[in-house]
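Read through the structure below, which is laid out as structure tokens, and then see the notes.
Bear in mind that the values in this text are calculations on the coordinates, not laboratory data. All values derive from a computational prediction rather than experimental measurement. Ideal geometry is used to build each Cβ from the backbone, glycine not excepted, and the neighbour counts take in all protein chains shown.
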Amino acid sequence: MAATKTAKEQKYDRQLRLWGDHGQEELENAHVCLINSTASGTEILKNLVLPGIGAFTIVDGHKVSGEDVGNNFFLSNNSIGRNRAQAATELLQELNTDVSGNFVEESPDKLLDNDPEFFHRFTLVIGVQLPESTCLRLGSVLWNANVPFLVCRTYGLVGYMRLVVKEHTVIESHPDNALEDLRLDQPFAELKSHIQSYDLEGMGKKDHGHTPWIIIVAKYLEKWFSEHNFQLPKNYKEKEAFKQLIRQGILKNEKGTPEVEENFEEAIKNVNTALNPTKISSGVDDLFNGEQCNAITSQTPAFWVMTRAVREFVQNDGGGNLPVRGSIPDMIADSEKFINLQNVYREKAMQDASVVSKHVESLLQSVGKPSGSISEQDIKLFCKNAAFLRVVRCRSLAEEYSVETVNKDAITCSMDGADGEMVLYLMLRSVDRFYQQHSRYPGVYNYQVEEDISKLKLCVNSLLQEYGLNVSVKDDYIHELYVFCRYGAAEPHTVASFLGGSAAQEAIKLITRQFVPFNNTFVYNAMSQTTATFQL
Amino acid sequence: MVTLQLVGSLRKELADSLSTCRLLVVGAGGIGCELLKNVVLTGFKNIEVIDLDIIDVSNLNRQFLFQKKHVGKSKAQVAKESVLQFCPTANITAYHDSIMNPDYNVEFFRNFMLVMNALDNRAARNHVNRMCLAADIPLIESGTAGYLGQVTVIKKGLTECYECQPKPTQKTFPGCTIRNTPSEPIHCIVWAKYLFNQLFGEEDADQEVSPDTADPELSWNPADTETRATASDQDGDIKRVSTKAWARSTGYDPVKLFNKLFKDDIQYLLTMDKLWKKRKAPLPLDWPEHQKLTCPQGVTGMGLKDQRVFGVAGYCQLFSRSVETLHSMLADKGDGAEEWIWMGNCDDPPAMDFVTAAANLRMYIFSMNMKSRFDIKSMAGNIIPAIATTNAVIAGLIVLEALKILSGDVEQCRTIFLNKQPNPRKKLLVPCALDPPSANCYVCASKPEVTVKLNVHKTLVLALQDKILKEKFGMVAPDVQIEDGKGTILISSEEGETEANNCKFLSDFAIRNGSRLQVDDFLQDYTLLVNVIHCENLEKDVEFEVVGDAPDKAPAPTRSQEEGKNVANGNKESSEPSTSSEAPAEQNDILLVDSDEEVPSSSTMAVSMESGGHKRKLHDAETGEASAKRQHLSQPSADDDNDIIALD
């Protein structure tokens, strides 16, 4: 029985509480590629190796320098002069024997020249401290191969991440404060008859006090409907009146004073959320109307086949509603009543899921795929989460960088933001420009700092001009010019640690397909400890 | 070489001051490991680290300085050795010890330029807070829980201290709720933990599990007592010798234990019919006769075995098996060392099996929906989910705050909250300006003073010492003097001086309404003036009340909407991971904070809280969470397994 715990469950106990065993399984099947094992790179990887990704491969053509050893925990003095990918792999591997560590002693540019398909095999590619040209080249290879790409960078006291993924679908988005799916406004037949099996007036005191609040609300809603032309209580006043109606149902003792019935109190407390009309959110509706949902082919990913099947369900079987979720909140009730009620919802959910499953089957058949290629379990999970489906679509790097498709509005709007992260973004773009022109970053040599400031200024201006950015907050970036030149492209460990945590977290979201990753640019200002996300 | 990277981005003087700065890191767990790495690589040279804990398997998914071969060893010691392997030039001193040990006095704290907390429990946080105030050393406080995290800076006279904002007291449960009238699964889980200790561990009079005849709900009806007395005569088993002695006399026979706990005791409870007038009466269980138990019934949920809920028969079987296993383990240990205590060691499978089975059987008896082992483990141990990523982020933030302090820019420091994901304003981090000290803080005010309501005729001197001064006011070794003009010493921290007073009531020392007590904690260099208000009608089960304290009601909402999902009576579909830090942290403390009122004090950066919602629940586990600055790391427990805080 529950007695034996595998060593893995024990080791990963604290994280299973966040993403479950199926999330862990995804993690263990993932193969992540890290390009450049700098401080930020190894920090990211450390945070993926510890929770147990299946495998990693480091691609790095650099040799370990003294500077590397100074800020990178996974490189030591005796690795100076060796290949950085190899040295880092050895030490990272020690963190977790469940993980398979690999390395390629080559620069990403070489690989892109000789064997671009090398990158197709990965679940996710994380590129760290990449020059702009490499980043764009790799970005386009991965974009075409549908491999998610996470660009990460630590530049002095600035952290930067860019997620590049064509389409990332999320079934378990774990929304905060999701409403329950109770269908009290449109009870299904089985729920109706279950509600009917209760007779609040006729039952004994004990049963009355242990009737689940859902039944109570449903009962009084029937009464309300009959008096209000089948309209739900809509505004505050009507809801108060409805609560009053419930309150009158509380049993009274011989003297006529109301008894304490916690379940009734609970019913009253839940009126507001319980009376929310059942409907499909605009987000999910958009998915139903999307291209992927319309044109199902043999290549269509399971997510979209299931989305389409749910759409069929909504249109043909569900009377315009999603499959019943099948869970109810905890409430005051005795076990028997609670479990009976729960079973009504649960069985309906199973029924709905099996109808959806039939749709899945015929969709698969219609495109010549075996009907079992999407498992019942996946369909159940999908139905349970149908109200919370999310799809993240990022713009490509090419779109962000092209003069024609640059998101000018996002940039100019964000320039007004008080924290100035957008200025930092533009500065990063400018130092890249500097690098392209001078083959080094500004301020790396102390004696050149002054000179570099004016050179960098030219880069900023040409960037703004080229993109036609009419940005007025000049003072901000002049200040940043000095600061950026002082950074000298340094990678302070503590900023790398922050970025390592944040980037690995996004990587885990992508790999487990749980929780919603950011879209698409993230900037961290370590001086003010502020962050911002932009859609660029 | 190490500091090379920083010279570029930080001032040269700062880089120099790092190498001379003496730093104390309190805790070598999840945050602690990250922190040690960060500080050495940022250029700190002289570091002392203290942790009393040893390494557990469940630490390895994030405490990267430890490996499997280190399990069972001192965290502080192994952390030091691992860091030195990578950075041989650092000068690290490790203490395998509690920071609350009197050896670490104010003088000790004065050795440091800066203290960083990477702790997991409130008692230690309170203590370090006081030590740093007394020594006037800046303190960086931090915590994480799941995806959430928080960092803040405490500087005497300049900022709020850790205790400026009253925190809800840790949730405790009245004895008679546990013994007689459980109404929530947690009551049954606590009962099962007590039972474990009674049977296999150290017996503790405060952890009684048998029916409580002194329940205030019944005490005034002598007729009832008589009936019960008869019942008790009829059934010899109910005569309370010691639970353990009795169990031993039966040879730990699982069926006999079962019948006593789940049948006889329940039948006995039923005789207290007053209790069941308004409650659903419990249902005594019979040991399933025909042993048709081979296959657990009613399996709910899918996924991990741990996440399933079995039927009653399944738990009967689990109960009997775990009793046998634990009994044979007891026997193996031999007589001398026959006790081991429920230290919240939820990672001990047989103990956890026993607690799961016993708690679920009791839940069934009291008409609650049973819970999976996984959920029970969360609740029994207050296990807080913990991952490497959050700790890495928080440790990164801590060092950056440290750099500001060392450059003399304490004013630039912030309290920073880490959100689960970017909030509606697209901020992952929410920095808030630090608040000035609260004028009536009972810790950092210039003359700390507090008013306590209690019944002087019913409060023992020992209760004043243990429950009020130590537990509530966080003192380690208090001395109490009555301001009665004579300077009567009520409690002395010197051993043997005032033990005789322990079992006397406060009124025996002429303490009455309006009396003032001067309380000193020499170690913490802390003096508190306690004003006593005599009060006859405190609520049931309330021994004392601190005037002006955060009402304890707020933090212990039975089930607000959000919580409901996580604390579900157990029939939550387990395909959904017990995610969201909420569930477990919940048992600890939660503050309901109105985030609308939160506007950062001054702050050049217009940051405001994610104020989408009305009341947001803040849990605070390893930390507070991210939405409201008021919330100060109450009860944080640094990630980890030490986050296991016994509920009792």
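What residues have an amide H closer than 5 Å to that of A:V59, excluding those fewer than 5 places away on the same chain, when H is modeled at 1.01 Å from N in the peptide plane?
For A:V59, whose amide H was placed from the backbone, the distant partners under 5 Å are A:L34, A:I35, A:N36, A:V104.
Can you give me the relative contact order of segment A:1-114 as a percent, contacts being Cα pairs under 8 Å and 6 or more apart?
Working: 178 pairs, mean separation 29.0, N = 114.
With pairs under 8 Å counted, the relative contact order is 25 percent.
Output ³J(HN,Hα) for segment B:525-541: one whole-Hz value per residue in order, computed from phi by the Karplus curve 6.51 cos²θ - 1.76 cosθ + 1.60 with θ = phi - 60°, and x for Gly and Pro.
6, 9, 10, 10, 9, 9, 8, 9, 10, 7, 9, 8, 10, 6, 4, 3, 6
Step through the residues of segment A:304-313 one at a time and calculate ³J(HN,Hα) from phi using the Karplus curve (6.51 cos²θ - 1.76 cosθ + 1.60, θ = phi - 60°), rounding each to whole Hz and writing x for Gly and Pro.
The phi angles translate into 7, 4, 5, 4, 5, 4, 5, 4, 4, 4 Hz.
Determine ³J(HN,Hα), in whole Hz, for all residues of segment B:185-198 in sequence, where each value follows from phi through the Karplus function 6.51 cos²θ - 1.76 cosθ + 1.60 and θ = phi - 60°; x replaces Gly and Pro.
Result, ordered by residue: x, 4, 4, 6, 5, 4, 4, 5, 5, 4, 4, 4, 5, 4 Hz.
Could you please state, rounded to a whole Å, how far the C-alpha centre of segment A:91-159 is from the C-alpha centre of segment A:22-83?
Distance between centres, Cα-based: 11 Å.
Does segment A:1-152 come out rounded, prolate or oblate, given a ≥ b ≥ c as the square roots of the eigenvalues of its C-alpha gyration tensor, rounded meaning a/c under 1.5 and, failing that, prolate meaning a/b above b/c? The partial results should precede the final answer.
Details: a/c = 2.48, a/b = 1.40, b/c = 1.77.
Note, shape of segment A:1-152 comes out oblate.
Give me a single rounded figure for B:58-66: the average over its residues of other chain Cβ atoms within 10 Å of their Cβ.
Details: counts 7, 2, 7, 12, 6, 1, 10, 2, 1.
Whole-number average of other-chain Cβ neighbours for B:58-66 is 5.
For each pair in A:K337/A:K358; A:K348/A:K380; A:K206/A:K255, compute the distance between the two Cα atoms and list the pairs where it is over 21 Å. Walk me through the intermediate numbers first.
Numbers: A:K337/A:K358 32 Å; A:K348/A:K380 12 Å; A:K206/A:K255 19 Å.
Checking Cα-Cα distances, A:K337/A:K358 exceed 21 Å.
Under 5 Å between amide hydrogens, which residues at least 5 positions from B:I387 or on another chain qualify, with H placed 1.01 Å from N in the peptide plane?
B:G146
Determine which lysines satisfy two conditions relative to B:K12: a Cα distance under 29 Å, and not lying fewer than 8 residues away in the same chain.
Cα-Cα hits under 29 Å: A:K63, A:K455, A:K457, A:K474, B:K37, B:K45, B:K80, B:K155, B:K156, B:K404.
Evaluate the relative contact order of chain A (contact order divided by residue number), counting alpha-carbon pairs under 8 angstrom at least 6 apart; express in whole percent.
Values: 837 pairs, mean separation 106.9, N = 536.
That works out to 20 percent.
Once you've got the Cα coordinates, tell me which of A:K252/B:K280; A:K219/A:K279; A:K239/B:K420; A:K269/B:K426; A:K110/A:K509 are over 24 Å apart. Show your work: numbers first, answer last.
Working: A:K252/B:K280 18 Å; A:K219/A:K279 21 Å; A:K239/B:K420 34 Å; A:K269/B:K426 32 Å; A:K110/A:K509 30 Å.
Listed pairs above 24 Å: A:K239/B:K420; A:K269/B:K426; A:K110/A:K509.
Do any trypsin sites (Lys or Arg not before Pro) in segment A:429-536 lie in a DSSP loop with no more than 16 other beta carbon atoms within 10 Å, and if so, which?
Of the trypsin sites (Lys or Arg not before Pro), the ones in loops of segment A:429-536 whose Cβ has at most 16 other Cβ atoms within 10 Å are A:R440.
Compare the Cα positions of B:Q465, B:A445, B:L428 along the charge dipole of segment B:402-481 (+1 at Cβ of Lys, Arg; -1 at Cβ of Asp, Glu; about the Cα centre) and return the one farthest towards the positive end.
The listed residue farthest towards the positive side: B:L428.
Sort A:W143, B:W276 so that the residue with the fewest other Cβ atoms within 10 Å of its own Cβ comes first and the one with the most comes last. Numbers along the way, then the final one.
Details: A:W143 19, B:W276 15.
Listed from fewest to most nearby Cβ atoms, that is B:W276, A:W143.
Can you find, among A:V483, A:M527, A:A353, the residue farthest towards the positive end of the dipole of chain A? Put +1 on the C-beta of Lys and Arg, -1 on that of Asp and Glu.
A:A353
Packing-wise, with mean Cβ within 10 Å as the measure, how do A:325-332, B:508-515 rank, highest first?
Numbers: A:325-332: 22.0, B:508-515: 14.9.
Ranked by mean Cβ neighbours within 10 Å, highest first: A:325-332, B:508-515.
Using only alpha carbon pairs under 8 Å that are at least six residues apart, calculate the relative contact order of segment B:67-160 and give it in whole percent.
Details: 95 pairs, mean separation 18.4, N = 94.
So the answer I get is 20 percent.
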